[in-house]
Amino acid sequence: MSLTFSWSAVEGAAGYSAQLQDSSGVGTELTVTGATVTFDALRAETSYRFRVAALSEDEALNSGYTEWLDCRTGEGAVALGFASGDGTAENPYLIETPGQLALMAQKVNEAGEGFVKANYALGADIDLAGREWTPIGAGLGNADLDLATENGFAGTFDGRGFTVRNLSIDVETDEAVSVCGLFGLGLDGCTISRVKVEGAVKAVNTAPGGGSATQLVAAGGILGCGLGAQLAECTFSGSVEVSFAADKTGGGASGGIVGKLTGNLENCAATVPEDGRVACTAAYPQAGAMAGYVSAGLITSCRAEVVGEVIADCADFGTAVVSPAAIAGGLVGGSFGGSIGACQVRIDGTVKAECLQTQPDDYGMAFTGGIAGSYGADMLGNNTVTVAGSVSARAVSSAIAGGVIGNQSNAGYGANGLKADISGAICAETTGSGMSDAAYAGGVYGKCSFQMGDLSDSEAEISGSVRAESTVFACVGGVVGSSTTVTRCWTLLGQNGTLAAKAAEVDAVCGGVTGIVASGNVVASYAVLEGGLAADSAAGMASVGGIVGTLSGNMQRAKTAVGCYALLDCGVTAQGPAASNVGAIVGMNNRFGRVNTGYWWSGTDAFAGHSGTEGASEDLRMAGRDEPSLRSAAEAMNAVLAEGYNSVYAYDVSLERLTVAKIE
């Protein structure tokens, strides 16, 4: 630490005598020839006083000393104390400088008595420029992040709306598990609120790998890993990157707010700017603009904007990886127990998952969604996604992409209130040749099944493209690629919008609402399609349906499209050497998959009947798109819905189409 003083030169002076004293009177005297002097090796945050006198070659002409000038050295890398406070809830430790924030990190990381569970608050914006940051709660010494207890933060931190700028972390680690962020590890009791963070976090795991233990890196702009942590009204803008140098069993989680979380996120916001990226490269990577992986808790009223990139990429280390999977989301990478509700995401950039690892069994998976790539929890609803950029999944064997959720498999109790506005692109693509390889894409869900319940009251408005392409099987739906029961869902496909499935070895399926109904029914759902529908199979069957692409049941489990309608003024392509099925309601169905009181209208000759399998027919065709025709269809569908499905919803004529409204 040093202090430099300058003064006006004295004419005729041969030099100057400069004196510096501390508060105890201990001092240093330096003689200099110029009108400036620097005192080095001083104590930080210490009060001094300074004076100077001009010297002459004739000592009798020396001037007297100036009056003492009080001064003080600045803080060092770590402050000596906080601005104020005693760490209680009523009087938290107040932090106003970078050194004081570093002091908090030091005390917490030393597991200092009275600091790990203390209360802290910001009193000013903090600029960390020029500092390589050590996380608060470094998390070192834990063999398993799911059971971590050492070197974590379990207190409260209130940012009071202030901003921490220029956060910079760039580390290489060979720890079994490691965490990175403004905070590293947040334990039960950790609450972080009202703080804004801007910066970049980068962590590289350098462990050699090859052993039985799985390496794990979790990184977030605000918190690396939270176990019982609560985050509210926090924002992050910048980049977070995790990668592995060699470990073939490594798992990584990258998130703008938090890497890995068991806990809650409420009213938080994350921005990935144009030059920013949230990325994870590992054998099992997960990346999300807000959170990489959430295992339990609630994510409510949160917002994310992706202008740059969110990428999960399965690293290829040249050795065998068993069932690698990449998961990416515009809000959360993967959520298995974390329920999401009332969240909004806008994607102008790229959200992408890639897994092209081919060893040992050509079985790589990629799941991507505008909210979450993979989801295994209850959906709280009222989530909205705008995709002006791209959401894509590319893998060897299984690729699933959705405007809201990529894949949900046999979990949760249904989902409702989801909306996707797609002017960009949703794309799923596989490159392998295994007989079970498949690509699924949907405007809302790529693929979904629930423990109980159905997908309901959800919509996709598409002026861009939703596409699935596979060397084996491809399936696309305006709302969902493959589904269980779908109730009161609808697709609005604009004139420039496209739904397209392309397969090489097996079938290609395209549906205006759902591509395939894996189980259950399609109830009170509709599609208004003015763009293009396409199913192209080089060796199998191609099926296109205005509501459902394929509706095939069996004796034990019949499937029905009931009370559904389609208004079709779109182009259609269906090419398959095995068969080409085009239907206004259902592309392909068997005797256990039927249409019950569904209606359709077409402004082109592309559709000849309600079922492609059953062939040309005027059955269920509306005379026109005028109000009388719509109202007549509504009355018929409402009658069957009320009688057989106890529906509390009914169709009415609105916006030149039939819309589903709740019966009061």
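The values are calculated or read from the model by the stated rules, or taken from the named source; none is laboratory data. Since we're looking at a predicted model, the values are computed, not measured. Note: ideal-geometry Cβ built from the backbone for every residue, glycine included; neighbour counts use all protein chains shown. The accessibility values were calculated without ligands, DNA or RNA, using every heavy atom of the protein model including side chains. Shrake-Rupley method; radii C 1.70, N 1.55, O 1.52, S 1.80 Å.
Accessible area per residue (1.4 Å probe, heavy atoms of protein chains only) ranks D569, D158 as D569, D158, with the largest value leading.
Given a Förster distance of 51 angstrom, what is the FRET efficiency for L69 paired with D348, based on the Cβ-Cβ distance and rounded to 0.05? For L69 and D348, the calculated efficiency is 0.40. When restricted to Cα atoms, the stretch 99-203 yields an Rg and a Dmax of 13.1, 37 Å, respectively.
Note on T163 and V10: their simple-model spin labels are 4.8 nm apart, each label 7 Å out from Cα toward Cβ. Positive contributions from Lys and Arg (+1) and negative ones from Asp and Glu (-1), summed over other residues with Cβ under 15 Å from the Cβ of V78, come out at -2.
Write down the Kirkwood hydrodynamic radius of the stretch 60-152, to one decimal in angstroms, obtained as one divided by the mean of 1/r over all alpha carbon pairs.
On the way: mean 1/r = 0.0639 Å⁻¹.
It works out to 15.7 Å.
For the stretch 1-95, chymotrypsin sites (Phe, Trp or Tyr not before Pro) are listed when DSSP marks them as loop and at most 16 other Cβ atoms sit within 10 Å of their Cβ; the list is W7, Y65, W68. Spread over its residues, the convex hull of the C-alpha atoms of the stretch 508-590 is 73 Å³ per residue.
Multiplying the sequence separation of S2 and D652 by 0.36 nm and subtracting their Cα-Cα distance, what value in nm do you get?
226.1 nm
How big is D for the chain, in µm² s⁻¹ as a whole number, if Stokes-Einstein is applied with the Kirkwood radius of its Cα pairs at 10 °C and 1.306 mPa s? Using the Kirkwood radius from Cα pairs, D works out to 58 µm²/s. Its Cα centre serving as origin, the chain has a Cβ charge dipole (Lys and Arg +1, Asp and Glu -1) of approximately 1860 debye.
Between T659 and E110, the simple spin-label model (points 7 angstrom out along Cα→Cβ) gives 6.4 nm. Does anyone have the angle between helix 627-644 and the longest principal axis of the chain? Alpha-carbon axes, 0 to 90°, nearest 10? For 627-644 against the chain, the angle is about 90 degrees. Taken as Cα centroids, the stretch 541-584 and the stretch 364-424 sit 23 Å apart, rounded to the nearest whole angstrom.
If R0 is 60 Å, the Cβ-Cβ spacing of S47 and D569 corresponds to a FRET efficiency of close to 0.15.
Along the axis of the charge dipole computed for the chain (Cβ charges of +1 for Lys and Arg, -1 for Asp and Glu, origin at the Cα centre), the listed residues V179, V522, T191 are led at the positive end by V522.
With every protein chain left in place, what is the accessible area per residue of the chain in square angstrom, probe 1.4 Å?
Values: 24740 Å² over 664 residues.
For the chain, the per-residue accessible area is 37 Å².
With R₀ fixed at 41 Å, the C-beta to C-beta distance from S436 to E150 puts the FRET efficiency at about 0.40.
Note down the magnitude of the dipole of the stretch 1-160 about its Cα centre, charges +1 on Lys and Arg C-beta and -1 on Asp and Glu C-beta and zero elsewhere, to the nearest 20 debye.
Here the size comes out at about 120 debye.
Measuring with a 1.4 angstrom probe and ignoring ligands and nucleic acids, S6 comes out at about 90 Å² accessible.
For the chain, the tally of Lys pairs with Cα-Cα distances below 23 Å comes to 18, considering only residues 8 or more apart or on different chains. Shown here for the stretch 48-116: GluC sites (Glu not before Pro) in loop regions (DSSP other than H, G, I, E, B) with at most 16 other Cβ atoms within 10 Å, namely E57, E67, E90, E110, E113. For the stretch 238-303, GluC sites (Glu not before Pro) meeting the loop criterion (DSSP other than H, G, I, E, B) and having at most 15 other Cβ atoms within 10 Å: E274.
Among T281, W133, C564, whose Cα projects farthest towards the positive end of the dipole of the chain, with charges put on the beta-carbon of Lys, Arg (+1) and Asp, Glu (-1)? Value computed over the given set: C564.
I'd like the orientation of helix 98-109 relative to the chain: the angle between its Cα long axis and the longest Cα principal axis, in ° from 0 to 90, rounded to 10. On a 0 to 90 degree scale, this one is about 70. The distance between label points at T88 and E505 comes to 7.1 nm (points 7 Å beyond Cα on the Cα→Cβ vector).
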